[in-house]
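K.L.:
Below is the structure I would like to discuss, written out as structure tokens.
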Amino acid sequence: MKLPLKIQNLKKNYGDLWAVNDVSFEIQPGEVVGLLGPNGAGKTSLISTIVTVEAPTSGTVEVFGHDVQKNARAAKVMTGCVPQEAVHHPYFTIEELLYFQAGYYGVASDHDHIHYLLDRLALLPQRHKKLKQLSGGMKRRFLIAKALVHKPKLLLLDEPTAGVDVELRTSLWDFVQTLRDSGVSVLLTTHYLEEAEALCDRVLVINKGKIKLTGEPQEIIKKLTEREVVMTLKEPLPHLTHPYLVEQSGHKMVFRFSASRSIGELISELPLEMHGIQDLIIREGKLEHALQHVLEDGE
Amino acid sequence: MSTLAWSPFWTLFKREIHRTLRVIYETIAAPLVSSLLYFLIFGVSLGKQIQNVDGVTYFAFLIPGLVTMGALKSAFDNSSGLIVVAKFCNELEDYRIVPISAIQMSWASGLASTVRAFIVGGITFFVGFLFYYYTEGVWLIPEHPFLFLFFLFMGSLAFAHLGLGLSMIATNYEQVSAINTFILLPLIYLGGIFFSLDQLPPFWRNVSELNPFLYIVSGVRYGLLGIGDGPLMLSFVITFVAWALSYLFSIYSLKTGSYRQWG
């Protein structure tokens, strides 16, 4: 089966700077993959190479089996891309721009789909306006409509929710879920780790052009973060010595340990019975902490 | 797949025609005013004091030159404008993302720019046509209409491709402006619009003979008046070679030029 995206040993340099340095990964059909990393990590360079805005220094990128350099047209038909910034077209309305975009893919006669996108992304009342007349959130929605006008099977989202309000962000997440359910594979770059946790089946952590870590968000959290357990006891215990104990005062004890260990294991190591526990608060680690951990290790 | 093969070309062609219509003032009013002024100053006013050139009045001699200048300059500006605006707005990356080839871009932009060139050339001709009747008392009927349109078409297409290619390899707007001022304008103004080669001293005559624009003007002039600088076949060959080189240059620039936004 041809994979939606297959990248092998991809390198891209600008002089001495290696923006992408020997990156390899694949995306499975219907999978949502998050590309995480700080500014300048190489996320946008990677996207630019997939959509042929930049030519790779070496390595290959295949979209549904089509090499993007050798068989660009076939690869482009399967790919939709939402760039970071909206382009200000001074001459045309957003509806006209969608029709032109559809025309480049030979689907300008699909009025129903263009109308569906305008409606689904709440742009119908704005369709006769020019892009500069729209708010930041509307521009972002327009970029998504534009990327989906030819019904691509692989969608690349470069910081799709940067600078938009919470309500719009949530509605865009819902839309991405709908796309995933319809079989579209998604590669998204984001700074919002909450977004990656909510949307992604898998995340790739990239820094200085290299993939530092890959895995499911929950797996990474479990592996690289600490879980905090706050235990309130019915009767206070005498002073304890335990490797995970970070605080003990009166009835309250705070433990911090790897998320890969279970709470049952912890309790079994303590000199108390289950009925001696009055309350238990568990604070799981965040992907943000895992990311920090990876990036600090990579320095 | 066959629909897709032609669709990007037609889409960009239609888009460019729409763009021309959106700036209808620039397209029609500006050449109308400038051709009126040229004809008033050089034709009606100064032209009366200049003797006949190659057997025709100076005013008649001037018309094909001004038509060619207006058309070719407009073709250059239009295709160059597509890239310049796109590089300012960061729209050029979009053309890399969609499935349009360099050949399709070059032809779509070239032909749409030629349509605009014909609008501008047509307006200039119409103004000259009316002035000619006013000053000479007879209508100016093209001697060889097919040749007149052929040379105007090939010249416009060549300048459209040239504008596209030069704007693609330019790394900032100042370079485009410098090309316009130091290369394009001297080529046009020293290309036999206002004078015949026979009127020049030998040195400048030799220099002018290296200017391809001269042969395009000469071809258009032959089509309109039945006279030209040098053999018609030479105009054919040089106009065709100028177009072919411009076209190849535009393809090269589209394939190797930067699609990044100007900083």
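The values are calculated or read from the model by the stated rules, or taken from the named source; none is laboratory data. This one's a predicted model, so the numbers in the text were calculated from it and none came from an experiment. Quick reminder, even Gly has a Cβ in these numbers, built from the backbone with ideal geometry, and neighbours come from all protein chains shown. Quick note on the areas: whole protein, heavy atoms, side chains included, nothing else; ligands and nucleic acids left out. Shrake-Rupley method; radii C 1.70, N 1.55, O 1.52, S 1.80 Å.
K.L.:
If a residue counts only when it is β-branched (Val, Ile, Thr) and open to solvent by 70 Å² or more (accessible area, probe 1.4 Å), which helices (runs of 4 or more DSSP H) contained entirely in region A:147-239 have at least 3 such residues? Explain how you work it out, then say what you get.
P.N.:
On the way: elements: A:166-181, A:193-199, A:217-224.
Answer list for region A:147-239: none.
K.L.:
Next question, about the same structure. If only one of A:Ser249, A:Ser258, A:Ser171 is polar (S, T, N, Q), modelled with pLDDT under 90 and under 24 Å from A:Glu296 (Cβ atoms), which one is it?
P.N.:
Details: A:Ser249 fails: under 24 Å from A:Glu296 (Cβ atoms); A:Ser171 fails: under 24 Å from A:Glu296 (Cβ atoms).
Criteria check complete, one pass: A:Ser258.
K.L.:
Does at least one position in region B:132-144 carry a residue that is touching a residue at least 12 places away in the same chain (Cβ under 8 Å) and under 25 Å from A:His88 (Cβ atoms)?
P.N.:
no
K.L.:
How about region A:30-74: which of its residues are assigned to a strand (DSSP E or B) and either among the basic types (Lys, Arg) or within 14 Å of another protein chain (Cβ to nearest Cβ) (or both)? Reasoning before the result, please.
P.N.:
Applying the first criterion (assigned to a strand (DSSP E or B)) to region A:30-74 yields A:32-36, A:58-63, A:66-67.
Matches in region A:30-74: A:Val61, A:Val63, A:His66.
K.L.:
I'm trying to understand the selection: among the residues of region A:20-41, which are open to solvent by 10 Å² or more (accessible area, probe 1.4 Å) and not hydroxyl-bearing (Ser, Thr, Tyr)? Quick ask: steps written out before the conclusion?
P.N.:
Step one: list which residues in region A:20-41 are open to solvent by 10 Å² or more (accessible area, probe 1.4 Å), which gives A:21-22, A:24-26, A:28-31, A:38-40.
Scanning region A:20-41 gives A:Asn21, A:Asp22, A:Phe25, A:Glu26, A:Gln28, A:Pro29, A:Gly30, A:Glu31, A:Pro38, A:Asn39, A:Gly40.
K.L.:
Continuing with the same structure: Taking A:Lys70 and the conditions (1) open to solvent by less than 10 Å² (accessible area, probe 1.4 Å); (2) at pLDDT below 95, which numbered condition does it fall short on, given that it satisfies the others?
P.N.:
The failed condition is (1).
K.L.:
Tell me which residues, restricted to region A:97-127, are more than 9 Å from every other protein chain (Cβ to nearest Cβ), assigned to a loop (DSSP other than H, G, I, E, B) and either over 28 Å from A:Thr49 (Cβ atoms) or free of Cβ contacts under 8 Å to residues at least 40 places away in the same chain (or both). Quick ask: steps written out before the conclusion?
P.N.:
Step one: of region A:97-127, the residues more than 9 Å from every other protein chain (Cβ to nearest Cβ) are A:97-98, A:109-127.
Subsequent filtering for residues that are assigned to a loop (DSSP other than H, G, I, E, B) retains A:109-110, A:121-123, A:127.
Residues satisfying the conditions are A:Ser109, A:Asp110, A:Ala122, A:Leu123, A:Arg127.
K.L.:
Quick one: in region B:223-263, of everything that is more than 26 Å from A:Ala55 (Cβ to Cβ) and of a type in the set (Ser, Thr, Tyr), which residue is nearest to the other protein chains (Cβ to nearest Cβ)?
P.N.:
The selected residue is B:Thr239.
K.L.:
Looking at (1) on the phi > 0 side of the Ramachandran plot; (2) free of Cβ contacts under 8 Å to residues at least 24 places away in the same chain, can you tell me which one B:Gly226 breaks?
P.N.:
(2)
K.L.:
May I pose another question? What is the residue count in region B:70-97 for residues that are over 20 Å from B:Phe151 (Cβ atoms) and either touching a strand residue (DSSP E or B) at 6+ places or on another chain (Cβ under 7 Å) or of a type in the set (S, T, N, Q) (or both)?
P.N.:
In the first step, residues of region B:70-97 are kept if they are over 20 Å from B:Phe151 (Cβ atoms); the result is B:80-97.
Add one more test, that the residue is either touching a strand residue (DSSP E or B) at 6+ places or on another chain (Cβ under 7 Å) or of a type in the set (S, T, N, Q) (or both), and what stays is B:80, B:90, B:97.
The qualifying residues number 3.
K.L.:
Scan (1) open to solvent by less than 50 Å² (accessible area, probe 1.4 Å); (2) more than 14 Å from every other protein chain (Cβ to nearest Cβ); (3) closer than 30 Å to B:Val84 by Cα for the single condition B:Leu36 breaks and write down its number.
P.N.:
(1)
K.L.:
Residues that are in contact with a Gly (Cβ under 8 Å, 6 or more places away or on another chain) and crowded, with 16+ Cβ neighbours inside 10 Å: which helices (runs of 4 or more DSSP H) entirely in region B:106-217 hold 3 or more of them? Talk me through it step by step, then tell me what you get.
P.N.:
Details: elements: B:145-169, B:173-179, B:185-189, B:202-208.
Of the helices (runs of 4 or more DSSP H) lying wholly inside region B:106-217, those with at least 3 residues that are in contact with a Gly (Cβ under 8 Å, 6 or more places away or on another chain) and crowded, with 16+ Cβ neighbours inside 10 Å span B:145-169.
K.L.:
May I ask you to say which residue of A:Tyr116, A:Tyr99 is open to solvent by 30 Å² or more (accessible area, probe 1.4 Å), at pLDDT 95 or above and either at negative phi or not hydrophobic (A, V, I, L, M, F, W, C) (or both)?
P.N.:
Values: A:Tyr116 fails: at pLDDT 95 or above.
Sole residue among the options that is open to solvent by 30 Å² or more (accessible area, probe 1.4 Å), at pLDDT 95 or above and either at negative phi or not hydrophobic (A, V, I, L, M, F, W, C) (or both): A:Tyr99.
Each row is one residue, and each column tells you yes or no for (1) part of a helix (DSSP H, G or I); (2) aliphatic (A, V, I, L, M); (3) more than 18 Å from B:Gly128 (Cα to Cα).
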{"site": "B:Ala60", "(1), (2), (3)": "yes, yes, no"}
{"site": "B:Thr68", "(1), (2), (3)": "yes, no, no"}
{"site": "B:Leu72", "(1), (2), (3)": "yes, yes, no"}
{"site": "B:Phe76", "(1), (2), (3)": "yes, no, yes"}
{"site": "B:Ser79", "(1), (2), (3)": "yes, no, yes"}
{"site": "B:Phe88", "(1), (2), (3)": "yes, no, yes"}
{"site": "B:Asp94", "(1), (2), (3)": "yes, no, yes"}
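K.L.:
Got a number for residues in region B:95-125 being free of Cβ contacts under 8 Å to residues at least 40 places away in the same chain and within 20 Å of B:Thr20 (Cα to Cα)? Talk me through it step by step, then tell me what you get.
P.N.:
First, pick out the residues of region B:95-125 that are free of Cβ contacts under 8 Å to residues at least 40 places away in the same chain: B:97, B:122.
Then keep just the ones that are within 20 Å of B:Thr20 (Cα to Cα); that gives B:122.
Total satisfying the criteria: 1.
K.L.:
Just need a number here: residues in region A:250-287 that are open to solvent by 60 Å² or more (accessible area, probe 1.4 Å) and closer than 20 Å to A:Pro236 by Cα.
P.N.:
Total satisfying the criteria: 14.
K.L.:
Taking region A:80-96 as the region of interest, how many residues are open to solvent by less than 10 Å² (accessible area, probe 1.4 Å) and not in a loop (DSSP other than H, G, I, E, B)?
P.N.:
Qualifying residue count for the region: 3.
K.L.:
Surrounded by fewer than 22 Cβ atoms within 10 Å (Cβ to Cβ) and farther than 26 Å from A:Asp181 by Cβ: does that describe A:Tyr104?
P.N.:
Details: surrounded by fewer than 22 Cβ atoms within 10 Å (Cβ to Cβ): no; farther than 26 Å from A:Asp181 by Cβ: yes.
Taking the combined requirement at face value, the residue does not satisfy it.
K.L.:
Which one of B:Ala5, B:Ala30 is within 14 Å of chain A (Cβ to nearest Cβ) and part of a helix (DSSP H, G or I)? Step through it out loud before you land on a result.
P.N.:
Details: B:Ala30 fails: within 14 Å of chain A (Cβ to nearest Cβ).
Criteria check complete, one pass: B:Ala5.
K.L.:
So for region B:41-50 (the condition being open to solvent by 10 Å² or more (accessible area, probe 1.4 Å), within 11 Å of another protein chain (Cβ to nearest Cβ) and among the small types (Gly, Ala, Ser)), does at least one residue qualify?
P.N.:
Looking through region B:41-50, none of the residues is open to solvent by 10 Å² or more (accessible area, probe 1.4 Å), within 11 Å of another protein chain (Cβ to nearest Cβ) and among the small types (Gly, Ala, Ser).
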